[in-house]
Amino acid sequence: MTAVHPTRLLLVTGAAGKTGLAVIRKLRDVPNLRIRALARNADQCPLLEEAGVHETVIADLNDPTALATALQGTDSVYHVCPNVHPQEVPIGRRIIALARQAGVRRFVLHSVLQPGIREMPHHWAKMSVEALLAESGLEFTILQPAPYMQNILGQRVSLCEQGVYSVPYHLATRVSMVDLEDVAEAVVRVSADFDGIGPEHSAAHLGATYELCGPGLLDQTEIATELGRALRREVRAEVEGREVWAKAAYRAGMSRYQVETLLAMFRYYERSGMTGSAQPLENLLGRPPATFAQFAERTFGVQPG
Ligand SMILES: NC(=O)c1ccc[n+]([C@@H]2O[C@H](COP(=O)([O-])OP(=O)(O)OC[C@H]3O[C@@H](n4cnc5c(N)ncnc54)[C@H](OP(=O)(O)O)[C@@H]3O)[C@@H](O)[C@H]2O)c1
């Protein structure tokens, strides 16, 4: 006889962002899981519905009352803090405390690879939130993704039209990357197992912290070569001066905190690289994670027919 499992309600924060949408598009296929999205803008409801959410709560993560409402009746939380947010620690503290009050059973935190680097404020903030979660008494799992391969999509036009791939650090810099599709699949593995609604019904991921990295460690010139291979054209890597990058970032509307934090990250990358192991992700997925070459071919490759 097939066991019947109750439907669980999972709250996903940062739901309408790059990470949230990718995760929701995979979670939609998990049986007996109802997805509640937290978004701050009602205009995002159609997009979220299309991605697979069952209900959306409009709330600002800085508003405790709205956040408490969003948490009502939830069994578990997948917390994705908005990218490079100056209030990341207060937001983390608030949602963890309110989750406890609301009787949430499981909390999965979307952290970052190497959160313990003080000179990158957005990494260090995640370290603090990890510690708050560990202290909270909630059942938890922490995921630490490398930079997404998909970040390169912001350069699609210059890649396709000029054959230029630019980065604001030295071309010899090596940074582990991960395919966001693999990250989303890993979220399904830990969330499904975590809630006893997945095929294994195990608590195997309780208290676990997993680095999520793709295999290989390419430098920036090697990345350009792989992009060129997929695009069937020459792509050259170029260094973009950090002052030039910062001016463009301000023009695009980034705040001073965001610009200075990302400049600190670029300086760190250039000095130390950013590396991690693909093994934890391979263990979670039960297959090797995507290589950069596979991502590039899938994303930019000429499709037959
Ligand atoms: N990008 C990477 O390579 C990478 C790698 C590892 C970890 N991460 C981490 O992943 C997380 C998510 O990054 P992302 O790039 O997916 O973020 P994102 O695309 O910027 O999405 C963040 C979402 O949060 C919403 N938001 C912003 N402020 C809010 C507030 N006060 N209350 C409620 N919602 C708010 C945004 O709303 P709007 O749509 O209205 O702006 C957006 O939909 C970050 O913590 C980042 O550090 C990223």
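Read the figures in this text as sums done on the coordinates, not as results from a lab. Quantities reported herein were computed from a predicted structural model and do not represent experimental measurements. Heads up, the Cβs are rebuilt from the backbone with ideal geometry, glycines too, and the neighbour counts pull from every protein chain shown.
Couple of notes before you dig in:
- With R₀ set to 25 Å, the beta-carbon distance separating Q87 from Q155 gives a calculated FRET efficiency near 0.30.
- Rg of the Cα atoms in the chain, relative to 2.2 N^0.38 Å, amounts to 1.01.
- H54-R298 FRET efficiency (beta carbon distance; Förster radius 30 Å; 0.05 resolution): 0.55
- Those aspartates and glutamates that a straight Cα-Cα span of less than 16 Å connects to K247, excepting residues fewer than 8 apart in one chain: E260
- R229 paired with R118, simple spin-label distance in nm, labels 7 Å along Cα-to-beta-carbon: 4.1 nm
- Here K18 is the anchor, and the lysines within straight C-alpha reach of less than 23 Å, apart from those fewer than 8 places off in the same chain, are K26, K126.
- Anisotropy class of region 43-114 from Cα gyration tensor, a/c 1.5 cut: rounded
- Seen from a random direction on average, the alpha-carbon convex hull of region 126-188 projects onto 6.2 square nanometres.
- Taking other residues whose beta carbon is less than 11 angstrom from the beta carbon of P86, and scoring Lys, Arg as +1 and Asp, Glu as -1, yields -1.
- With neighbour counts taken as other beta-carbon atoms within 10 Å, the residues E55, E161, E270 rank, fewest first, as E161, E55, E270.
- Prolate/oblate/rounded call for region 216-292, Cα gyration tensor, a/c under 1.5 rounded: oblate
- To the nearest ten degrees, helix 18-27 and the longest principal axis of the Cα atoms of the chain are 50 degrees apart.
- Near the amide H of V77, within less than 5 Å, lie the amide hydrogens of L11, R106, F107, V108, all on another chain or at least 5 residues away, with H placed in the peptide plane.
- Spin-label proximity, N41 to region 242-277 - amide N less than 17 Å from point 7 Å beyond Cα toward beta carbon: 252-255
- Ordering of 41-49, 76-84, 89-97 by burial proxy (mean other Cβ atoms within 10 Å per residue, highest first): 76-84, 89-97, 41-49
- Taking the centroid of alpha carbons for each part, region 17-56 and region 109-174 are 22 Å apart.
- DSSP bridge orientation in the chain - percent antiparallel, rounded to nearest 5: 5 percent
- Using a simple spin-label model with pseudo-atoms 7 Å out from Cα toward Cβ, T275 and S255 lie 3.5 nm apart.
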